[in-house]
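Read the structure below first, then the notes.
Please treat every number below as a calculation from the coordinates, not as lab data. Quick caveat: nothing in here was measured; it's all calculated off a predicted structure. Please note: Cβ atoms are built from the backbone with ideal geometry, for glycine as well, and neighbour counts cover all protein chains shown.
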Amino acid sequence: MINIVVFASGNGSNFKEIYIRTLKKEIKGIIVLLISNNPKSGAVKFAKENNIKFEVINLCRFKNSLDKQYEIVLKKHKTDLILLAGFMKKIPKNIIQIYKNKIMNIHPSLLPKYGGKGFYGSNVHNAVIDSGDSYSGATVHYVNEEYDKGSVIKQEKVKIEPSDNSKTLAEKVLIIEHKIYSEAIKIFCEKRI
């Protein structure tokens, strides 16, 4: 089994979806830990409710040793795969180097469009709507030193209707996120990437 560590800052809908799929054995991996910078997040609440181990790692707790703390915790849990699921902090370089091609992220656009620093959540969907694009979608990619610049693993698009706004577009894209993130994780765990 692949040991999976999920990083999440917010509600954690992708975290929840991945967890359910591991329970159903659709993904041949086990979530051994949640890491969050936000102790009040929905992801932490879900971890508590489902007896999933979690660690809160943030600058309030580890002012001078944040990067090292990630490394210690990931090593302790024998991490094979790191999944970013709405994690709102940049992954430190030491972690990217140690876990090269073992860190995935889901992004709510068709990268390389609408990626980079500041492009997350409603910021992405507002930019897509404002652009007049006919399609949006989601992208699963490996994480490297630059925001949203890692190699693309999987993408899927969705048509933007004239009646769509950023909220309705976000809802459509989230359905795709849950689908393609799980598919990408599945093929990684089956060593088909």
Run Met1 past the list (1) surrounded by fewer than 16 Cβ atoms within 10 Å (Cβ to Cβ); (2) of a type in the set (A, V, I, L, M, F, W, C); (3) more than 21 Å from Lys102 (Cα to Cα) and report the number of the one that doesn't hold.
(3)
In the stretch 131-175, anything touching a helix residue (DSSP H, G or I) at 6+ places or on another chain (Cβ under 6 Å) and of a type in the set (Lys, Arg) is listed as Lys154
Which of the strands (runs of 3 or more DSSP E) found entirely inside the stretch 53-158 contain at least 1 residues meeting this: over 15 Å from the mean Cα position of the chain (by Cα)?
54-56, 135-142
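Quick grid of which residues meet (1) without any contact (Cβ under 8 Å) to a residue 12 or more places away in the chain; (2) more than 20 Å from Ile180 (Cα to Cα); (3) hydroxyl-bearing (Ser, Thr, Tyr); (4) surrounded by fewer than 19 Cβ atoms within 10 Å (Cβ to Cβ):
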| residue | (1), (2), (3), (4) |
| --- | --- |
| Val6 | no, no, no, no |
| Ile31 | no, no, no, no |
| Ser41 | no, yes, yes, no |
| Arg61 | yes, yes, no, yes |
| Ser65 | yes, yes, yes, yes |
| Lys75 | yes, yes, no, yes |
| Thr79 | no, yes, yes, no |
| Ala85 | no, no, no, no |
| Met88 | no, yes, no, yes |
Tally up the residues in the stretch 12-26 that are in contact (Cβ under 8 Å) with a residue 60 or more places away in the chain and within 16 Å of the chain's Cα centre (by Cα), please.
7
